[in-house]
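The values are calculated or read from the model by the stated rules, or taken from the named source; none is laboratory data. None of these values were measured; they are calculated from a predicted model. Glycine also receives a Cβ, built like all others from the backbone with ideal geometry; neighbour counts cover every protein chain displayed. SASA here: full protein model, heavy atoms, side chains in, ligands and nucleic acids out. Shrake-Rupley method; radii C 1.70, N 1.55, O 1.52, S 1.80 Å.
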Amino acid sequence: MSNKKTSNEMWGGRFASGPAAVMEAINASIGFDRKLYAQDIRGSLAHSEMLAETGIISAEDQNRIAHGLNTILREIEAGEFVFSAAREDIHMNIEARLAELIGPAAGRLHTARSRNDQVAVDFRLWVKEELTRTAEALKALIGAFLARADEHAATIMPGFTHLQSAQPVTFGHHCMAYVEMFGRDLSRVRDALERLDESPLGAAALAGTGFPIDRAMTARALGFRGPTRNSIDSVSDRDFALEFLSTAAICATHLSRLAEEIVIWSTPQFGFVRLSDSFSTGSSIMPQKKNPDAAELVRAKTGRINGDLLALLTVMKGLPLAYSKDMQEDKEAVFDAAEALELMLAAMTGMVADLAVDKTAMRKAAGAGYSTATDLADWLVRVAGLPFREAHHVTGRAVALAESRKTALEKLTLAELQAIHASITEDVYSVLSVRNSVRSRTSFGGTAPGEVRRQIRSWKKRLARA
């Protein structure tokens, strides 16, 4: 196919000569916005159908346009389409090829629209589809966590604050913490989908059009809830893209925190989990090494997504209404973040499903660092009637004694404990073991295995409806 037209011919008679090579290079976006080809063709088909329905173009021309656009779609998907930087972007590449295929009728397609509303609808369609994929990936990750939580609802492990042993919890409860986090990510995706579900097509350059178009018709044809309500806003904002990036950055942060825990837990010093060979690599020099590279790369890619969000925020922060060419820089950040997030979610879902959990190592660590000290303080309040601050002080003395004896709290004798406070009775031993500590945490959202299983059942129902 021919690629003889230059950019100035696309712009029209206002320009007497073609752009300089540098201008062509900086102006062209076809290198990345070709990713929007399917959305661009879909939008053009809907637009042409509306133009014919409203009598703005003839049915014959619409049929030619539809045939040509579907031919172009097949060419692109077959790898036969030749993209040209001289034609700047995906819109002009497709329009030029359409003219080659069907002749003058191609020129009627752009009636009552601008590249401004054209790119806005293309980009919204792409982000909408990507958010839908993200939702499905999050549901898969949540499902993997629910399966592990069910399996380990009673598996005891240390709970941490400041990365120091704090109180014993269950691994199932820990998994459910991530279910809650990724569940909120899923709700943010749903919210973003709801907000962007309006079609800017028909806003034209910025002021709308005098042609008797039917914007509701094109919105329906493209699967949007309805048309946008202000033509200036329609073409001049990219908050839907920013919201995607923001949602992606928050989700990536959750993924990174999980990755960090997997990196820590898989060390010989912790030994809580072991990754399969599918998500690990070896060392080129140390044959004993098994490196959690997939988790480390998930952690690192979060920085890319954060950078993508900051980049687009910076592009948009100083733009007056309506459209400015700066907004051409909106797509690469979104495309990059979407690709990274898809990979991160897939990798983490695989790792979670594939983790081998060492229950013995977890339980042994759960009793370290006097993790049931809070249970002793609570018992002193609940049973002995002490004010919490006094109970806290008494417990501190008991911990100090256990440390000096190099023993666990539950190994202190009753006489030793009563020497610290006379109100302590034999009943105190019912709360000092890690098993009893975990079982006692029956408050809503607590770590008791029964409560964990209740939350799992609730989430399985929610996920089935999501």
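Sites listed here are GluC sites (Glu not before Pro) in the stretch 406-466 whose DSSP assignment is loop and whose Cβ has at most 12 other Cβ atoms within 10 Å, and the list is empty. Can you check what the net charge comes to around Leu409, using other residues whose Cβ is under 11 Å from the Cβ of Leu409 (Lys, Arg +1; Asp, Glu -1)? Around Leu409, the charge tally is -2. Between the stretch 175-197 and the stretch 329-372, the C-alpha centres lie 17 angstrom from each other.
Placing +1 on the Cβ of every Lys and Arg and -1 on the Cβ of every Asp and Glu, with nothing else charged, gives the chain a dipole about its Cα centre of roughly 1360 debye. Helix 239-265 axis versus longest C-alpha principal axis of the chain: approximately 30°, rounded to the nearest ten. Considering the options Val235, Ser443, Phe32, tell which one lies farthest towards the positive end of the dipole of the chain, charges being +1 on Lys and Arg and -1 on Asp and Glu at the Cβ, about the Cα centre. Of the listed residues, the answer is Ser443.
Spread over its residues, the convex hull of the C-alpha atoms of the stretch 370-449 is 85 Å³ per residue. What aspartates and glutamates does Lys359 reach when the alpha-carbon gap must be under 18 Å and sequence neighbours fewer than 8 apart in one chain are set aside? Within the straight-line cut-off, Lys359 pairs with Asp150, Glu151, Glu261. Fully extending the segment from Ser324 to Lys411 would add 24.1 nm, taking 0.36 nm per residue of separation and subtracting the current Cα-Cα distance. Of the two radii for the stretch 405-466, the radius of gyration is 1.27 times the Kirkwood radius, both from the alpha carbons; that is the Rg over Rh value.
For the stretch 38-100, the set of GluC sites (Glu not before Pro) satisfying both a DSSP loop assignment and a count of at most 13 other C-beta atoms within 10 Å is given as Glu80. Using just its DSSP H runs of length 4 or more, each adding -39500 (n - 2.57), the chain gives a mean residue ellipticity at 222 nm of -20000 deg cm²/dmol after division by all residues. When Rg and the Kirkwood radius Rh are both evaluated on Cα atoms of the stretch 348-416, their ratio Rg/Rh stands at 1.19. Taking the Cα centre of the stretch 370-449 as origin and assigning +1 to Lys and Arg Cβ atoms and -1 to Asp and Glu Cβ atoms, the resulting dipole is close to 200 debye. Taking a sphere under 13 Å around the Cβ of Arg225 and counting the other residues whose Cβ falls inside, with K and R at +1 and D and E at -1, yields a net charge of +3.
Carbon-plus-sulfur accessible fraction, the chain (probe radius 1.4 Å, protein heavy atoms only): 53%. Extension gain for the segment Arg133 to Ala78, taken as residue separation times 0.36 nm less the Cα-Cα distance, is 17.4 nm to one decimal. Once backbone amide H atoms are built at 1.01 Å from N, Asn291 has Thr281, Gly282 as its partners under 5 Å, excluding neighbours fewer than 5 places away on the same chain.
Relative to the Cα centre, the charge distribution of the stretch 21-109, modelled as +1 at Lys and Arg Cβ and -1 at Asp and Glu Cβ, gives a dipole magnitude of about 80 debye. For Ser199, the residues 5 or more places off, or on other chains, whose built amide H falls under 5 Å of its own are Gly226, Thr228.
Computed from Cα positions, the angle between helix 331-354 and the longest principal axis of the chain comes to roughly 40 degrees. Computed from backbone phi with θ = phi - 60° and the Karplus coefficients 6.51, -1.76 and 1.60, the 3J(HN,Hα) list for the stretch 196-209 is 8, 7, 9, 8, x, 4, x, 6, 6, 5, 5, 10, x, 9 Hz; x is used for glycine and proline.
Rounded to the nearest 10 degrees, the inclination of helix 90-102 to the longest alpha-carbon principal axis of the chain is 40 degrees. For the chain, the relative contact order is 17 percent, taking Cα pairs closer than 8 Å that sit 6 or more residues apart in sequence and dividing their mean separation by the residue count.
For the stretch 68-163, the relative contact order is 19 percent, taking Cα pairs closer than 8 Å that sit 6 or more residues apart in sequence and dividing their mean separation by the residue count.
The residues of the chain expose, per residue, 46 Å² of accessible area to a 1.4 Å probe.
Geometric descriptor of the stretch 21-109, per residue, is 90 Å³ (volume of the convex hull of the Cα atoms).
Only one residue of Phe171, Ala204, Thr253 has its Cα farthest out toward the positive end of the dipole of the chain, where Lys and Arg carry +1 and Asp and Glu -1 on Cβ, and that residue is Phe171. Scanning residues 5 or more positions from Thr170 or on other chains, those with amide H under 5 Å from its amide H are Met157, with H placed 1.01 Å from N in the peptide plane.
Shape analysis of the stretch 115-362 yields a ratio of the Cα radius of gyration to the Kirkwood radius, Rg/Rh, of 1.10.
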